[in-house]
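Worksheet: the structure to be examined is printed underneath.
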Amino acid sequence: MSAGYDSTSPRFFRPADVARIRRNQRRIQLQRLAAIGGKAGIVIGLVISSILVFQHTRGDNRFAVKSIEVTGVVHTPRAEIDAVTRAYVGENLFKIDIGRLRHDLRGLGWIKRIEAEKKLPDTLRIRIVERTPAALVAEKGRISYVDEDGMAFAELAPSVGDSDLPLITNAPGAELQRSVVLLQTLRARDPQIYSRISEVRPIAPSSFALFDRELGAFVYAGDSDLSAKWRDLYAVARAEHFGVHDIEYADLRFAGRIVVKPVHPAVLQPSTPKPTIFAPITN
């Protein structure tokens, strides 16, 4: 160590100019605060500008709805759609509540859901998805379409067609949904049997009376193993040469047997003829 350097001197650890260093620190802090304030001011300015622009567009007549484009309509009468959408003509595009529009249009029977898009400057686009009829239902003196969710939504119309849809009768409340589920299952798993059913009457808690259009009679059945039991019934009908309207009814609800009541028994009895019991056909 140099002889002229005193490491024990207190001045070795003391800044030469404490006041100047403190002034520099304050200046740095002020610069940082100014930078933060400047950025905050820019953000606030942008927010205020956005609000002003938004308020301006909501009151600008250039964005008033002049055109409403509707697609996806098949069965819903256009006059009913126009009756709802005309209330939105002239309304500012930015003020339109899409939720309210959906609610208004879903009040029309055929409409299941809608998708809406605002196209600047003055066009509202609406895409409609309609319900798909799964069956017909007779209730309160009228016949209506019912969808796959068990909802009756529109009265039967000749212009729609679908005359081959099965008719569900005597199906209050949850029984309507249960009947639709049976038909949807049959349609997917056994279209041939489904095509022969023209009427469904639910029987609580788990049975059905199903009218077979080719046998011309009601078939009573549960919802388990329905296809297999029904095909056993067809085998019996072929073996016994039963034609249309030759049987009064058939009952498939019993384990290991099929009950058939012929309209004209082979041997007439003095009393009311009893149903004939057949064993299932096995291959």
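The values are calculated or read from the model by the stated rules, or taken from the named source; none is laboratory data. Keep in mind that this is a model prediction, so the values were computed, not measured. Positions of Cβ are generated from backbone atoms using ideal geometry, with glycine treated the same way; all protein chains shown enter the neighbour counts.
Residues checked against (1) more than 30 Å from E91 (Cβ to Cβ); (2) of a type outside the set (S, T, Y):
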residue: D122; (1), (2): no, yes
residue: G141; (1), (2): yes, yes
residue: S159; (1), (2): yes, no
residue: L182; (1), (2): yes, yes
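Conditions (1) modelled with pLDDT under 90; (2) surrounded by 15 or more Cβ atoms within 10 Å (Cβ to Cβ), marked per residue:
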| residue | (1), (2) |
| --- | --- |
| I197 | no, yes |
| V200 | no, yes |
| R213 | no, no |
| R238 | no, no |
| H245 | no, no |
| I258 | no, yes |
| A266 | yes, no |
| T276 | yes, yes |
| N283 | yes, no |
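Out of A134, A154, one residue alone is surrounded by 15 or more Cβ atoms within 10 Å (Cβ to Cβ) and over 20 Å from L226 (Cβ atoms). It is A154. Of the conditions (1) more than 30 Å from R196 (Cα to Cα); (2) surrounded by fewer than 16 Cβ atoms within 10 Å (Cβ to Cβ); (3) touching a Gly at 6+ places or on another chain (Cβ under 8 Å), G72 clears all except one; give me its number. That leaves (3) as the condition not met. For first residues located in segment 253-276 and of a type in the set (F, W, Y), partners that are modelled with pLDDT of 70 or more and not in a loop (DSSP other than H, G, I, E, B) and lie 6+ apart or on another chain with Cβ distances below 9 Å form the pairs F254/I277.
Among the residues of segment 90-103 satisfying the criterion of being loosely packed, with under 14 Cβ neighbours inside 10 Å and under 11 Å from F63 (Cα atoms), which is nearest to the chain's Cα centre (by Cα)? The qualifying residue nearest to the chain's Cα centre (by Cα) is K95. Number of residues in segment 121-163 that are in contact with a Phe, Trp or Tyr (Cβ under 7 Å, 6 or more places away or on another chain) and either more than 23 Å from R102 (Cβ to Cβ) or in a loop (DSSP other than H, G, I, E, B) (or both) equals 5. Does I126 count as closer than 19 Å to A87 by Cβ, within 13 Å of the chain's Cα centre (by Cα) and touching a residue at least 12 places away in the same chain (Cβ under 8 Å)? So I126 fails the test.
Here's the yes/no breakdown for (1) without any contact (Cβ under 8 Å) to a residue 12 or more places away in the chain; (2) in the same structural domain as P202 (by TED's automatic domain parsing); (3) not acidic (D, E):
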| site | (1), (2), (3) |
| --- | --- |
| K95 | no, no, yes |
| G109 | no, no, yes |
| P121 | no, no, yes |
| E139 | no, yes, no |
| D147 | no, yes, no |
| L167 | no, yes, yes |
| N170 | no, yes, yes |
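Scanning segment 141-195 for residues that are at pLDDT 95 or above and at positive phi yields a single hit, N170.
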